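Everything on this sheet refers to the single structure shown next.
The values are calculated or read from the model by the stated rules, or taken from the named source; none is laboratory data. Only a predicted model underlies this, so the values are computations on that prediction, with no experimental measurement involved. FYI the Cβ positions are ideal-geometry reconstructions off the backbone, even for glycines, and counts take in every protein chain you see.
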Amino acid sequence: MNKAMKKAGIKEKYYHTGDVIMNYVAGRPNGTPLVFIPGQSVTWEEYTLIMPILAAKFQVFAVTLRGHGKSSWTPGQYSFNNLGKDMTAFLKGVVGKPAIVAGNSSGGVLTSWLAANSPELVKAIVLEDPPLFRCEWPNIKGTLVFDIFLDYARMAVAGGGGFSSHVLNSMERMANLPKGVMDMKFPPKLIMKFIAWTIAMQQAFSPGSPIDLKMLPPPARIMIRGASQFDGNFSRAFVEGTMGVDFDHATTLAKITQPILFLHANWFMIQGRLLGALDDNDVARVRSLVKGPWKYVRMNCGHGIPMEAPVEEAKEISSWINEYVK
């Protein structure tokens, strides 16, 4: 935990839902609860840069979902419905009153699940570039992130090369994506090979410990720390379609009546496949289904909004709450 988090009074804790253990961080009770849900492969650390900005006005929380970091790993039991039950238990047992819930990427899809299925616990929602409709099976095959999820899934297979292979192959591929979709700088390939070898050695002698490459910029460093503590079976549930069993995005969105702040990051089409979370037509479809007050903001940044544009996002959240959330 960095100095800004500590100075803001944010502390690391654990909660047992009755099914899994959830690792999370919580700030002082300075106002309305604001709960952050990270995207796939990252822990609560995804919100390291934005939480200190908002901690004086809100009681901030950020969770680590099952299959990630220090929370329970449950291969074969990863689904949005199970994640929704985990978060419902967390909101009841830890937060204790209606909260504003924000989620990035698949965490945003999960935020939609919560608004629809546990409305008494959710006061308003912030959707940070959620792949609504796009991560449903088989639509996910039409996205370039599907290839990255396949790489993550291989990490969980004996002989799949582990995390060091993922860094060398998938991370390099992410680094070469068009600027603005995954706007994170990684070293040249020769240095990446040395990093991958270093990671392999560290994991051989200290299995289970997070990989922290301090020479990298904070967003890339956070991503690697998270991915080095990630169960690739979580991604396998997406590529095999089991993550979304008995969970329909359109049906879920039609139940949402709470105020919504929708933050949309950059996206491109490459050879007929989407690079990004969702395109403008997908956003229009989301807007047509939800019933709550709506504010849309186009963010000129990559998919990891809370890591890449924390100051801008904090301003958008604060102004939206003042205008839309009673």
Might you let me know whether region 121-137 holds any residue that is within 21 Å of THR17 (Cα to Cα) and part of a loop (DSSP other than H, G, I, E, B)? no
Neighbours by Cβ (under 6 Å, 6+ apart or cross-chain): first from region 142-156, closer than 11 Å to GLN40 by Cβ and in contact (Cβ under 8 Å) with a residue 24 or more places away in the chain; second crowded, with 23+ Cβ neighbours inside 10 Å and of a type in the set (Phe, Trp, Tyr): PHE149/PHE238
Just for region 16-44: of the residues that are buried (at least 24 other Cβ atoms within 10 Å of the Cβ) and in contact with a Gly (Cβ under 6 Å, 6 or more places away or on another chain), which one is nearest to VAL95 (Cα to Cα)? ILE37
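Do the conditions hold for LEU110, that is, is it in contact with a Leu (Cβ under 9 Å, 6 or more places away or on another chain), farther than 15 Å from TRP294 by Cα, free of Cβ contacts under 8 Å to residues at least 60 places away in the same chain and not in a strand (DSSP E or B)? Even if it seems obvious, please write down each step before you answer.
Numbers: in contact with a Leu (Cβ under 9 Å, 6 or more places away or on another chain): yes; farther than 15 Å from TRP294 by Cα: yes; free of Cβ contacts under 8 Å to residues at least 60 places away in the same chain: no; not in a strand (DSSP E or B): yes.
No; evaluated as a whole, the condition is false for this residue.
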Within region 275-305, which residues are in contact (Cβ under 8 Å) with a residue 40 or more places away in the chain and in contact with a Leu (Cβ under 7 Å, 6 or more places away or on another chain)? LEU275, LEU278, ASP282, VAL286, MET299, ILE305
From LEU65, LEU114, which residue is hydrophobic (A, V, I, L, M, F, W, C), surrounded by 24 or more Cβ atoms within 10 Å (Cβ to Cβ) and more than 14 Å from the chain's Cα centre (by Cα)? LEU114
Of all residues in region 197-237 being part of a helix (DSSP H, G or I), over 14 Å from the mean Cα position of the chain (by Cα) and buried (at least 23 other Cβ atoms within 10 Å of the Cβ), the one that is modelled with the highest pLDDT: ALA237
Considering residues of region 117-135 that are of a type in the set (D, E, K, R) and over 18 Å from GLY272 (Cβ atoms) only, the residue farthest from the chain's Cα centre (by Cα): GLU120
